[in-house]
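Here the structure comes first, spelled out in structure tokens, and everything after it is commentary.
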Amino acid sequence: LFNRLAGKKLAIVDDQPGLAMLLSNLLADAGYVTHVQSDGQAALAAIQLDPPDLVLLDVQMPELDGFELASMLKSDPVTATIPIIMVSAQEGRASKVVGLESGAEDYLGKPVDPPELLAKVRNLLLLRDRSARAARP
């Protein structure tokens, strides 16, 4: 199961370098290939140029926040099927609802619980693979 997911590309978008590196190392140790972006505009360009298999997206970023970026990714046919996990210090129910309504498939609070993050990433990647296989003629 895990071997099939090894090498999947994950985009990490967070303006806090320490947290981005922590997430990147955790996911790389689990066999994923990670690409880190520190702002929404750069992330949008990078994701459109080379779409990852999943996006971990911080909510609070300068210029283009996570809610706006998620909406933009979900409205683009090239990136619409990429699962998004919002990662935010905004723990309130309202923030979670806005994140989910903007297109995110899941929402995690900071500090991130590593086993929970890895399980959610794995589950969303497996679901995406199953959906892709089912859609093939």
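The values are calculated or read from the model by the stated rules, or taken from the named source; none is laboratory data. What you see is a predicted model, and the numbers here were worked out from it, not measured in a lab. Reconstructed Cβ throughout: ideal geometry from the backbone, glycine too, with neighbour counts over all protein chains shown. Note: areas computed on protein heavy atoms with side chains; ligands, DNA, RNA excluded. Shrake-Rupley method; radii C 1.70, N 1.55, O 1.52, S 1.80 Å.
Only one of the listed residues (PRO77, PRO115) is within 17 Å of LEU23 (Cβ to Cβ), more than 12 Å from the chain's Cα centre (by Cα) and exposed (fewer than 14 other Cβ atoms within 10 Å of the Cβ). That residue is PRO115.
Evaluating ASN25 against the criteria (1) within 23 Å of ALA119 (Cα to Cα); (2) surrounded by fewer than 19 Cβ atoms within 10 Å (Cβ to Cβ); (3) touching an Asp or Glu at 6+ places or on another chain (Cβ under 8 Å); (4) of a type in the set (S, T, N, Q) leaves one unmet condition, (3). Pull up region 1-22, narrow it to residues that are surrounded by fewer than 14 Cβ atoms within 10 Å (Cβ to Cβ) and among the hydrophobic types (A, V, I, L, M, F, W, C), then point me to the one that is farthest from the chain's Cα centre (by Cα). The residue in question is LEU1.
Against the test of being farther than 18 Å from PRO115 by Cα and modelled with pLDDT of 95 or more, the options VAL13, VAL59, VAL55, VAL78 yield a single qualifying residue, VAL13.
Screening the candidates GLY99, GLY103 for the property of being modelled with pLDDT under 95, crowded, with 16+ Cβ neighbours inside 10 Å and on the phi > 0 side of the Ramachandran plot yields one hit, GLY103.
Considered as a group, the residues in region 47-66 that are open to solvent by 40 Å² or more (accessible area, probe 1.4 Å) and not polar (S, T, N, Q) include one that is nearest to GLU101 (Cα to Cα), and that residue is ASP65. In region 38-49, the residues that are basic (Lys, Arg) form no Cβ pair under 7 Å with any partner that is modelled with pLDDT of 95 or more and part of a helix (DSSP H, G or I), whether six or more places apart or across chains.
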